[in-house]
Structures are given as structure tokens and as C-alpha cells.
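Since the structure comes first, as C-alpha cells, the remarks are kept for the end.
The values are calculated or read from the model by the stated rules, or taken from the named source; none is laboratory data. Since we're looking at a predicted model, the values are computed, not measured. Note that we place each Cβ from the backbone using ideal geometry, even for glycine, and neighbour counts take in every protein chain shown. Note: areas computed on protein heavy atoms with side chains; ligands, DNA, RNA excluded. Shrake-Rupley method; radii C 1.70, N 1.55, O 1.52, S 1.80 Å.
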Amino acid sequence: MKINNYVKVSSVKEAYSILEGSSKATIIAGGAWLRLTPAEIDEAVDLSGLGLDSIDVNDGFVEIGSMATLRQVEKSDIVKSLCNGIVCDAAEKIMGVTVRNIATIGGTISGKYGFSDLITPLMVLDTELEFHERGRVSLVEFMDETAKIRDILLKIRIPMKEGRGWFETIKITAIDFPILNAAVTRIDGKTKIAVGSRPYKAVLAEMAMAYVDTCGKHDADCAERAAMTAIAEIKFGSNSRGSANYRKQLCEALVKRGLREVMS
Amino acid sequence: MKIKLKVNGENKVFDVKADEYLLDTLRKNNYVSVRRGCDNTSCGVCTVLINGNPAASCSYLSCKADGKEITTVEGIPEEAAKIAGFFGREGADQCGFCNPSMALTVYAMKKELVNPTDDDIRSYLVGNLCRCSGYQGQHRAIKAYLEVE
Amino acid sequence: MMKYVNYERPSIDGKGLMMGKPGYTDDLAEQNSLIVKVLRSPHAFARIKSIDKSKAEALEGVELVLTHEDFKRIPVTRAGQGYPEPSPHDKFVLDNYVRHVGDEVAAVAARDKETAEKALELLVVDYEVLEPVLDFEKAYENEVIIHDEPEIHEMFPIGFEPKKNVAASYLMHIGDVEKSLKECDTVTETTFYTQAQAHVMMEPHTVNARIDYQGRLVLYSSTQTPFHTRRIVAQALEYPMSKIRVIKPRVGGGFGGKQCVHGEMLVSAVTLRTGKPSKMVYTRQEVFESTFSRHPMRFDIKLGAMKDGTLKAIDVEVLSDTGAYGEHALTVFMVAGSKVFPLYNKVDSVRFGGKVVYTNRTPAGAFRGYGAIQGNYALESAVDILCDKLKVDPVEFRQKNMIREGETSPIFEIMGEGTEGIAMTMETCKLDYCVKRGMELIDWKNKYPRKDMGNGKVRGVGMAIAMQGSGIPYIDMGSALIKLNDDGFFNLLVGATDIGQGSDTILAQIAAESLRVHPDEIVVYSSDSDLTPFDVGAYASSTTYVSGNAVKRAADRMKQMIIEEGALALKVPVEGTDFDGMTISHGDKSISLKDLSNRLYYNEDQKQLVAVDSYVGTKSPPPFMAGFAEVEVDTETGHVELIDYAAVVDCGTTISPNLAKGQVEGGLVQGIGMTLYEDVVYSKTGKMITNSMMTYRIPTRKEIRSLKVEFADSYETSGPYGAKSVGEIGIDSPPAAITNAIFNAVGVRIKSLPVTGEKILTGIQKSRQKGEKQ
């Protein structure tokens, strides 16, 4: 990794004009894993100092500034109040405090990292993202896109709704990347299931979700069938942490567990 | 570019490159207690406090630190000596390479958490790896330090 | 009554190091050192056709570029293990062949890191890429020969056959194995695999060099073997040993990984050629790819027993993978037998043999446990398989068959390290106590074999016994020099190498015990080839026993000198004169040590008191232990959690109980890591995938929730104040104890390490399918 210029901007507008001006300009967020990317960066744009690190409630949404650190997210009582605190639960399982004090939620989401523990629970909470230029877009839609982002993520917005949530991540050691993670929520009678670190980026198990909502009885059999549906619709891959086949088995186990938890 | 840091209470100006990391800036300027272990946020031996929060200096751009307060273990000599006393009693010092980072993280934890449980302690320090001690002696030492302090 | 031995004392360097005092190799480099960087091979096996270094040399700030053409072809071994070494001399400082990804191609010395890295990019290398040998089971007599160079050789017969890709081979037998297996009621035959493990000491390999005011080459190195390093550098560069000084500062962990030379040869070459100071700090990637790891092994093991649970025969064939170079190839292989199979000394016959083969992988080297951990996993797993088949209790089986105090094993006499061994009787062996106490600590009676916790989770307990050694008899030598100063305090100079295990601290305690003075009165300085007496270094669990005995002898000698000088000063006969640590007295006449010292240096009968002595073991009393694991297996995910581990150790007297406990706890966790988390993984082309700490996982404090470590009451009279050694024994038992616990929990036998959730889940499903069919 090589950086030619470091720019601490004084406004989002300034940051955006730098991005527009050069294809080799990048927002650096926390920068914790910047050195792992081989790219050469012309302008590294630092957004700290723009007040983008607050966590507030606004208009029925919890709004997390994109520059909030993972540690801030994990410790936030507001975020903890959402669906059994699954976002905090996921955040606190990411590496150590010394990293979570650097890495930001915006950086995590923009990276669309397959190994992310944080994106998976956010996907089952109807999370939306607010960009400077593009405005609002749902996280699920954003994750589905492949185009490179040339915009500035400002806020992560989570609707404040009552519901049950469950998250689990399977790791070899506590600070490792997951072999697989899964999050399940049940909000307003609707079920959502997301599976991440497949090792590809997180996805919703749409067919399994639909199946659960049509189940007459939310019992063990329903969970079992939903899990089978999920492993049939989701694609898994192999890496040094586990094979595609093992991930499939984990997915089945986790989806079952998650459903049992949120349906009970 | 030039950055201003307050290191251990002293105002400093350093000339750094855009892609220089805080670990390199500090070591170059003789803060040798800040150590290089893995260079990718995985081990914790490069920990410093940035505005009081423990952070991996190997992966924190020096430019980003501009205007911030940095504490290395040289900045908390009394606390480090106390913590060392507890580590010593439990045979937990061993090679010592990671110990300045342990002292800083334990010190920050003491300020941040009230009456941490065993699990809280493990969670807070999970990113500070140690290959020598097997962690048990450290855990006993940290608990004893928190009880006394 | 012992005063300063078996005495809790913080390590002498712990406080200063925690407070951030400079002490490690890189802290002590000259500020203006040239930065040495190495161009490393991207290929697993290749011939270097040419290297064009002109562009790199022309870059401003580049002082020197070194390739194989700059060195005379002198084969050496990087293994620091005595002389002549039982490792083949198969490595050149730089060679025209590269034999693993990460092998050295060329070195650059430049004014700063950025320039050095840029220069590496400017080197133009033309490779002839060769077909590598990556599978160690296909290495023997492969058509691809990894070491075909004519200069390489063994120092004495070790079964070195490079044309067959064999670095070393070995075979021994006691009794007639074939015959006794035939006579047995039950025979089990199992194949086990152990993986490569990386040391992951926190301080990367680091070295710096300078020429001092006398024109001598001075190296600071993070090494476990400063004296071997001096010898190997001298050999490799044909430079007089008398003009080399090796200083070992504080070392940030070694575990065997710094028992081989690393950057010392290259920085020496740079500094000798430029006259300028230079330094090399390995990147973490270089530590993984370009130093050493644990030898992976395959064990084909047969055990034969009678219905009543008497073990009769052990037959083992081992294949070991030494990677691209043969450091420690034979000796690690032999320890897999010699420090494992004497555990069951009542057998009629033992056969142990096999080969150590070359492959195009990162070389294997010394690593705590040194073969014993691999062998222990195979043997102690096989014993549980046998017990399951015989339907006998695994603890009772061990109690019936294991070695006991006062007994011996013929293996001790036959197998040494690279040579024949030494017959010895177990003067101390508290295995019986260790097993009994371990059962209590883990609550074996209530927990064996399993307990269903509900929610798909099952807990199980398992155990293993283990042994190690205390140095290598008639080979490992340590020495110590004690100097009395005016005012009555002492300097203790030792070659013994403190790498974080606390040897400086415990050696001072041993000296203090002999002299009856407080350990604070003993100032320790260790491991400087100019200033301290010889010691082989920190390896083979030798420091407490071998170097400790040397210190004790030197201190006893010093005590006698003090008594003699005191008698002279008091004008009394030596006989009847005593020294209690403070005062030399005879009847009602006395003189304080302080007054005597001042007299000796300033007033009368002036002379310097110096006592020096050395020690080489005539035997290697093994420390023993029993390890008990409790695991919880999630039968839906295959995930294993270690609930508890109890270890009871017989290492003789613990010189410092807190440091000894730290050694056992640290060893256990490395053994647990090898069992459950750690694996060196390569791509299909031989590139290491796990070459960073993000991809290679060592245990964190969340995995290690409870360790219960205790020591047996034991006194080894041949050791200093009853001590044996304790550096390695902790690592040996976890692989077998944990996999035995997993078997007891869910019936899945793990035959290749590490344990993974995937292996367990597959095993559970297989046994379910089997059950359904029946």
C-alpha cells in the first residue's frame, strides 16, 4: 500500500469533490486494514472531525455515523436496545479492543467484507445507508451491488422496532475471521435470516424467510425445514477455515438454532 | 507532512510520510517500548493509548493521529511498575516483549470498566496475544491488580 | 532447609521490561545501521539462471547487493546443536537454487527501509522453475532431487541420502517385535499425522552487526544459541572466530525458533564488506515463510497387549518432513521415540525407525517438545484405542504399564540424540502421584467418560502421561563464573541463554542458595561470547539442570574460597570456619563478608576471588507429567471448547515455583494450540497460505479458560538442589489428552492434527450412519 497525499477535509463536500477529481482517491475510514490492500492511493481522505461519529435516535431510526468506531457501536445503549442487542453482540466479537477502537462501521460496510461479523446482523434489521450523493439505500440492495463506490457513506440507519434477534458466529479462535455467521430476527411477525462469511459476503436466505412466515406452527419442524431451504438457496465456498460442505452444515445448525430462539 | 502529537504529555512535531504508521513514527523517535509484532492488527504488542483508548499503532496512520494525545508505557511509569509487581508475583512476565502493551491495555481497562468480571477481562484483552505465559498468570496478576487498586 | 530455592521471586528483568526499557535486539541497533532486506523466492523450487543487480546497485542509497556469486560455496547447517552437528551441512549463505517459497535469493543493504525495498524490486532474476516436491509421503526416491549439490555432507553417519531426498534415517529395536505381536491377544494398528506448527514468538527474528573499535565484528542477535551462532557465522564466512563477538540481549521468546541462525550470516557479510553497521528485522511474513516450523510427521504405530491389559509390544514407523533443509532432522526424529516410549518400560519389544525426508516447504527445525509432542500424541492416542478395544480403563492401564521410580527402560541406553544414549535409572518418577492428583483435579471419577449437557452439547474427559529430558548427557555443557566484588556482592556470568523463560532469575537463586546470600546480591549477566563462559544455549530442557548445576558448582567453590580467605584474615584454621551469607566465623572470631571483601581488594592479601566451573550431564533425568482435559463438543457444529485442563508435573524441585508454573502453563497452551487451532497450510504450488497472524491462529485468552497446574513433591539428587528441567514438558500431553477427551465425549477419534469442527462433525455423521445401518 502506498499513499501519496493525506487530506483531512473540513467538509463532506470537499471530500466528495476530491473523490470526483481522482479515481485513485479513497476515503480511509479507520484505516485499520488499509495496509493489507495492495492499491496505490493518490489522496487518502480522512473524514474525522466532521462529526460523523455520533450515535443518535432520529425519526424512529437509530442513526450511527459512518465514522463511529466498532467499539462505540458495541458500547452504545441505543444499539444494544435493538433486537436483543445483536449488533453489539457481533461488534464485540470482532478482533480486540485495540482494533475496534480504530475500525469504523462505515469502513466495514463500504468494504463489503465477506468475513464481516457486523454486516450479517445489520441485514436482518432493515438497515439503510445514507450516502452524500446517492441518498438512502437499503443495506441489502447495497450489498448486492458490485460497482465500486464513489460516494461518501454518512450514516447507518436502523429502524427502532421491537423484536427478537439472535446472532452467532463460529470461529476457530476468538479473534479469527469467522468460518460462518448467521443472524435471525423476528420483527412484527416477519422473520429475517442472514448468513455471512460463507466465505462470501452476507446474504439473506429469502426462501427460508418466506417459508417460515407461511409456517402454520413455529415448531422444531418448521425450523428444520427452513434450515434445509436456506442451505439449498445459499452458495458456500471453501477456504483455509473450512470447506463449502462444512459451511453448509454449520449454516443448517445455526439457522435452526436462531429460529428456535426467535420463535420461542 | 508535519503532525503535532502530545506524546506522554509532551508536545511534539514529527515530519511523517502520508503512508507512515504511528508505530514507525514512534519507534523512529526512540519510543522503543512500542513494539512490532505482526504488523496487521493481530497481536497487540504495538498498543498505545490514543486519547486514552488502546489502539494498534501498527495500523493507525500517523497523519490520522495529528492533534491527538498518545500515551506509551513511558507515560505511565507508576502504573506500569505496579502492574509489573503483580505480573512478577505470578511468573507472568516471561519474555516481556508484549508487556508494555499489556500494561497500557490493563491501565485503560481499569479506567474504562467498573468491576470487570473474568469474562470482561478476557474480552477486553483478547487482542493482546501472548505466546509465553498461557495467559493464566497474567489473568491472576490482572485480577490482583484490580482488587488492590 | 532451602532459603532461596523453591522461593517465589519476580524475574529480575520483568519490571524494567514492562516499563519499556530498551533491551531487545532492535532497541540496541546503531541508529545509522544499514537496513538489510532479502529478496525471497516466489517459487517452491527453482534454479537461478541469472541475477542482474546493476539497477539495484545504481539506486541512490544502496550500499551493497549480495547474491550467491558473492560467496564461496561453504555448506553449513543453521542448526545450533553442538559440534559436530547431527544435522546435514546442506545450506549455503546464498545458493543458485531456491528450495522453498521464501528462500533467500539475494540481499540488499541500503540507507533506509524504503530504499532497500525499492532495490529489491529492481533486481532482475531469471529463474528456471522446477517441479517441486510438496507431499512428504511422495518425497522418498522421488525423481525430483531437492539437494543435488556436490559439496553437501553429513558430519557423521546420520543416514543422509540426498539423492533419495533423505536427510536422515534411523532404526532401532529391542527384542523381537514380530514375535511378540504374534503372541499378543490384541493388536491395534493406527496411522496418525501431526502438522507443522509455527513458533509465533512475539519478537520477530532480529539481528544487527557493527565493527567495534578493535576492528572486531559484533553481533547482537535474538538467538537461543549465541556460541553456536559465533561458530556457524565463522564457518560460513571463513572469518576467524576470535574476531566475532555475539551478544544476546533480551529475547522476545524463542521456543526453538531461534535455535537456528537466521539473518546473522547476511548482516555479518554486509558489515564486513561495507565496514558499516547493519541490521535486519524479519517481517512477520518472513518469520512464517523463511525461518522454521515444527516437523510434520506420520506415525504408523502398532501396539500389542494381553487380555489382562499388559502392554507387550510397540512397533512404530515414522516419516518426518524436514522441508527444504535438514536442521534438527535426525534429532527431532529420535526424540519422537527416545522421550516417549520409555513411558511404557515393561514391554517385551520395541521397534522404532523411519526416515526424515526433504520437501520444498519451509524448513522444519527445533520447536519446544522437539519430536516428543508428536510421538506422545501417537502413542497416547494409540493406548486409548487399545484400551477401548480391550475394554479396560485407560487410567488403570497406564498405572499398570507405566514406568515407575527406581525402574529403567532399555531405550535410554540405545537412543540418544543423533548418537547412542545413556543407561539410567529413574531416581525420581512421581508419575503415579501425578496421575492420582490429576484425576482429583479434573474430577475424573464423576466425569469419565462423558456427560450430556443438553442442547446438543456433550462433555468428555481424557488424559495422557508424558515425559521429556533434562539436557543431553555428555554433550550439553554449561558453565558459570562467579566474581566477588568489593563491598561483598557478586557477579554471576553465565553463557546460559535467557529467552524469557527466566533463567537469569533462577540461576541467581541457585547461586544465592549456595552462598546463603540474598539473590539481590547476585548481579547476573548472560550470554555474551566475549564476556561469559561457554554454554550450549537454551534448548533441550537443559538450562535448569545443566547450567544450574554449573552455577551451583561455581557458587560452592566461591563459598569455599570465601571461607579460606576468611580463615586467613581471622588467622584461624580453615577447618571449623563457616560462612553463613553475612559473616565468616570461627568460634568467637568473625568478619563480615563486606569487611573481608574490602580487605581483599584494598588492604591486605589483595586478590580477586573468581570461581568458575562447568557441568556436563552424565544422565538426563526426565521430568514427567500427567495431563487431563475436559472438553465440550457441540455435536451440531463440531466446535470444541476446552473447559478445563489439569496438569501435574514432576520436575524435581521448582527453583522458582511461580516461574516454573509459568513454564508449564505456557507450554500447555502451545500444546493446546497445536491440538485445536494451529496449522501451517500451503497452496497447491507450495506457497504458505497461513503466513500472517491473521491467517495463522494462536490461542487467545478466551480459549484458555482454566488450567490447573500443580507440582509433585520430588527431589532429584543429581540436579541443582533437586531440580530437573521444566521448559518443554508442559507442551507434550495436550494433543493426546484432548483428542482422547473428544473420543470419550462423542466417539470420534482424531487421527490427524489439528482437531477441526469439520473433522468432528464428519466423524459424528459417520458413526451415526453406521449406527443406522446396524
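Worth pointing out:
- Within segment C:679-693, restricting attention to residues that are closer than 24 Å to C:Leu642 by Cα and open to solvent by 20 Å² or more (accessible area, probe 1.4 Å), the residue that is farthest from the other protein chains (Cβ to nearest Cβ) is C:Asp679.
- Residue among C:Ala646, C:Ala660, C:Ala626 that alone is within 14 Å of chain B (Cβ to nearest Cβ), at pLDDT 95 or above, farther than 29 Å from C:Gly456 by Cβ and buried (at least 24 other Cβ atoms within 10 Å of the Cβ): C:Ala660
- Count of segment C:156-174 residues which are in a strand (DSSP E or B), among the hydrophobic types (A, V, I, L, M, F, W, C) and surrounded by fewer than 16 Cβ atoms within 10 Å (Cβ to Cβ): 1
- Residue among B:Lys111, B:Lys64, B:Lys82 that alone is away from chain A (no Cβ under 13 Å) and surrounded by fewer than 24 Cβ atoms within 10 Å (Cβ to Cβ): B:Lys82
- Of all residues making up segment C:560-591, the number that are in a helix (DSSP H, G or I) and open to solvent by less than 50 Å² (accessible area, probe 1.4 Å): 7
- Filtered by the rule that a residue be surrounded by 18 or more Cβ atoms within 10 Å (Cβ to Cβ) and either basic (Lys, Arg) or facing another protein chain (nearest Cβ under 9 Å) (or both), segment A:9-42 gives A:Ile28, A:Gly30, A:Gly31, A:Ala32, A:Trp33, A:Leu34, A:Ile41.
- Every condition in (1) buried (at least 24 other Cβ atoms within 10 Å of the Cβ); (2) more than 7 Å from every other protein chain (Cβ to nearest Cβ); (3) not charged (D, E, K, R) is met by B:Ser59 except one, and the failing one is (2).
- Of C:Val76, C:Val36, C:Val65, all but one fail to be more than 25 Å from C:Ala364 (Cα to Cα) and away from every other protein chain (no Cβ under 14 Å); the exception is C:Val65.
- From the options A:Glu168, A:Glu252, residue that is open to solvent by 20 Å² or more (accessible area, probe 1.4 Å), in contact with a helix residue (DSSP H, G or I) (Cβ under 6 Å, 6 or more places away or on another chain), within 13 Å of chain C (Cβ to nearest Cβ) and assigned to a strand (DSSP E or B): A:Glu168
- Against the test of being more than 10 Å from chain C (Cβ to nearest Cβ) and of a type in the set (Asp, Glu), the options B:Glu74, B:Glu90, B:Glu69 yield a single qualifying residue, B:Glu69.
- Once segment C:175-228 is narrowed to residues that are of a type in the set (Val, Ile, Thr) and open to solvent by 30 Å² or more (accessible area, probe 1.4 Å), the residue that is nearest to C:Pro754 (Cα to Cα) is C:Thr191.
- Among the residues here, C:Gln670 qualifies as farther than 30 Å from C:Pro533 by Cα, buried (at least 20 other Cβ atoms within 10 Å of the Cβ), in contact (Cβ under 8 Å) with a residue 60 or more places away in the chain and in the same structural domain as C:Lys451 (by TED's automatic domain parsing).
- Just one of the numbered conditions (1) free of Cβ contacts under 8 Å to residues at least 12 places away in the same chain; (2) buried (at least 20 other Cβ atoms within 10 Å of the Cβ) is not true of A:Gly106: (1).
Residues are listed down the side, and each one gets a yes or a no for (1) farther than 23 Å from B:Gln94 by Cα; (2) part of a helix (DSSP H, G or I); (3) open to solvent by 60 Å² or more (accessible area, probe 1.4 Å); (4) of a type in the set (D, E, K, R):
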{"position": "C:Lys21", "(1), (2), (3), (4)": "no, no, yes, yes"}
{"position": "C:Gln31", "(1), (2), (3), (4)": "yes, no, yes, no"}
{"position": "C:Lys37", "(1), (2), (3), (4)": "yes, no, no, yes"}
{"position": "C:Pro42", "(1), (2), (3), (4)": "yes, no, yes, no"}
{"position": "C:Lys72", "(1), (2), (3), (4)": "yes, no, yes, yes"}
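- Hey, C:Ile48 touching an Asp or Glu at 6+ places or on another chain (Cβ under 9 Å) and over 20 Å from C:Val233 (Cβ atoms) or not: yes
- Candidate set: segment A:191-220, residues that are out of contact with any Lys or Arg (no Cβ under 8 Å at 6 or more places or on another chain), among the charged types (D, E, K, R) and at pLDDT below 95; chosen: the one surrounded by the most Cβ atoms within 10 Å (Cβ to Cβ): A:Asp219
- When C:Ala423, C:Ala366 are checked against the criterion of being outside any helix (DSSP H, G or I), without any contact (Cβ under 8 Å) to a residue 40 or more places away in the chain and either touching a Leu at 6+ places or on another chain (Cβ under 9 Å) or not assigned by TED's automatic domain parsing to the domain that holds C:Asp90 (or both), a single residue qualifies: C:Ala423.
- First in segment A:235-264 and acidic (Asp, Glu), second anywhere and open to solvent by 10 Å² or more (accessible area, probe 1.4 Å) and not in a loop (DSSP other than H, G, I, E, B), Cβ under 6 Å, 6 or more apart: A:Glu252/A:Ile231; A:Glu261/A:Trp166
- Across segment C:526-540, the number of residues qualifying as in contact with a Lys or Arg (Cβ under 8 Å, 6 or more places away or on another chain) and of a type in the set (Asp, Glu) comes to 2.
- When B:Lys6, B:Lys2 are checked against the criterion of being at pLDDT 95 or above, away from chain C (no Cβ under 11 Å) and touching a Gly at 6+ places or on another chain (Cβ under 9 Å), B:Lys6 stands alone in meeting it.
- Flag: A:Arg71 does not match the condition of being modelled with pLDDT under 95 and of a type outside the set (Asp, Glu).
- Residue among B:Leu146, B:Leu49 that alone is open to solvent by 30 Å² or more (accessible area, probe 1.4 Å) and more than 7 Å from every other protein chain (Cβ to nearest Cβ): B:Leu146
- Selection within segment A:221-243: residues that are more than 23 Å from A:Val140 (Cα to Cα) and within 11 Å of chain C (Cβ to nearest Cβ). The member of this set that is surrounded by the fewest Cβ atoms within 10 Å (Cβ to Cβ) is A:Ser238.
- Unmet requirement for B:Gly127, which otherwise passes all of (1) within 21 Å of B:Glu74 (Cβ to Cβ); (2) within 15 Å of the chain's Cα centre (by Cα): (1)
- Cross-chain or 6+ apart pairs with Cβ under 6 Å, segment C:136-158 first and at positive phi, then not small (Gly, Ala, Ser): C:Glu141/C:Lys164
- For segment A:106-165, a residue qualifies if it is among the aliphatic types (A, V, I, L, M) and under 25 Å from A:Val255 (Cα atoms), and the qualifying residues are A:Ile109, A:Leu118, A:Ile119, A:Leu122, A:Met123, A:Val124, A:Leu125, A:Leu139, A:Val140, A:Met143, A:Ile158, A:Met160.
- Taking helices (runs of 4 or more DSSP H) as the structural unit, those lying wholly within segment C:700-774 and holding at least 3 residues that are within 13 Å of chain A (Cβ to nearest Cβ) correspond to C:757-773.
- Note on segment C:229-285: among residues that are within 13 Å of chain B (Cβ to nearest Cβ) and assigned to a helix (DSSP H, G or I), the one that is surrounded by the fewest Cβ atoms within 10 Å (Cβ to Cβ) is C:Gln285.
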